[in-house]
Amino acid sequence: MSACKVLPVPTDPLARLASAQSALPNETPSFVFGPSHKSYKHQFANMYFTRLSLLKGSVEKRARERWRGLKGSPPLVPRVLDVVKSQLCFIVGTVYMDMLQKPNVLEDVGRDRSLPAPPVRSKYHSPDDTIMLEDESGRVQLVGEALRRDIDTAIPEDEAMEGSQSGWGNLLVTGVIMAALGRETSSGAFEVKDVCFAGMAPMMYKSVVVDDAGMDVDENEAEDDWVAFISGLEFGETSASDSRIQLLVDYLEGEGAETEEQNFISRISRLIIAGDSLEPVTATLEKPSIIEVGLKSRRFGQEASNFSSVPTNTLGNFLADVAQTMKVHLLAGATDPSGTLLPQQPLPRAMFGTAKSCNNFSSETNPVWLGIESVTPTSSKRKKQRSLLVHSGQSVEDMYKYVPSPPSTRLDLACAALQWRHAAPSAPDTLWCYPYLTADPFVLHHTPDLYVLGCQPEYATRLVSSTDYDGPEEESGEKLCRVVLVPRFKETGTLVIVNMKNLEVKRIEFGRKGHNRSTFETHSSVS
């Protein structure tokens, strides 16, 4: 009888790399609803006024610096309706896209209910659209080559985000705070020569690693902290991705991996699920007869519910399995049983069975700010702090309906949001959100180190710098943000992991053929 081969046993048992959530600055807005958020009687116009007051100063300052050397030193006109005809000047206000294809609440209320509702449009734009700029005084129409849009015309993608005059016209959506340089024409419109935005906000944390002597150091690879992202699991009563989900759990737990790969997996400190964890609810077309259901379907005078707990139980088991080995953060999405208005509140922990008692499991708002602090094993004083802004993707999906594609992409819009300092500018016009009275939590007072958007049709990433659009940065220094679009796992089987030290991104795809991990792709932190 031949002897069995004994697998090597590691001398030092592997342990998951420790990381903790660091405290966020006091000015970081909270997306959690409190006692003051129980009233829905406020007008949405308050949000636009608040947004303009919060960002107008930054836009004005940046516009003065941008156009300081122009001939005639164009002045700022405080109110858009006070523009002097033919005088070169600049104005600051809120962009409004007047689109005939946009949903209109008045038309929806007044339509004939006996007729079926019109289908939801995938795009709002048309050649008849008008771009407006408004403030407290009124609204003025913007024209000119600086805001020209290439409707249904393909141009190279690398030209769409160069900050050129034609590029920003293809990216504007309602709600953006913008400065426009130009002059009023004889027809009363404002001919725009150039545009300017608030630019990227200051970074939340100082991105350095300090050793015991207070010197900046480079950590070795064994001390890298990785964070995993996934979205669009869409658990249902029956799921075609069950095998890939089991492969995902085995991978995160290090099961069946070689020693070198297990060492890498042990450095993944947490998993963040960015929305759409449950399948969308579909209406039943035909109701079964009482003969088919039986008399027992009526209980206490009410019809029995056709609710199935299988999807939530399956999701709860998945969360409980992964939470045994790492921290798990769950965000609600468009298909999850949460409120439609943004920001979506945390899903109740009681929904998820045994996962509700796991200390490693956290149910978060959508969107959510997270601060991650990594502590190296060699020294407790060597820390790395990173700020994360994670969203389930509704904002980008709504903005994408405004713009022609090509040339504009979802990644272009996500990167542009950093320049606009606003995560959801189209709210509340076409993206439903809570009617805040004196606040706008979607304003970016800080630039995150990592901006993640889930539930996207395909994977994409870009490292955005504050010098990409306007050249060398001012005294505040260069700002960097890694933007990542996470695709739906049910359709792509994709897991995205990000290195918290250098913002390197890796993508892992779990394929169906042979139930193997079929793709492993690395993106450099400088791309």
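FYI, it's all coordinate maths here, none of it is from the lab. Small disclaimer: the values here were computed from a predicted structure and weren't measured. Reconstructed Cβ throughout: ideal geometry from the backbone, glycine too, with neighbour counts over all protein chains shown.
Each of the peptides 258-265, 53-60, 360-367 was scored by the mean count of other Cβ atoms within 10 Å over its residues; in descending order, highest first, they stand as 360-367, 53-60, 258-265. Pairs from the list 61/193; 401/506; 41/123; 479/501 with a Cα-Cα gap above 22 Å: 401/506; 41/123.
Summing Lys and Arg as +1 and Asp and Glu as -1 over all other residues whose Cβ lies under 13 Å from the Cβ of residue 330 gives a net charge of +1.
From most to least packed by mean Cβ count within 10 Å, the peptides 419-429, 41-51 give 419-429, 41-51.
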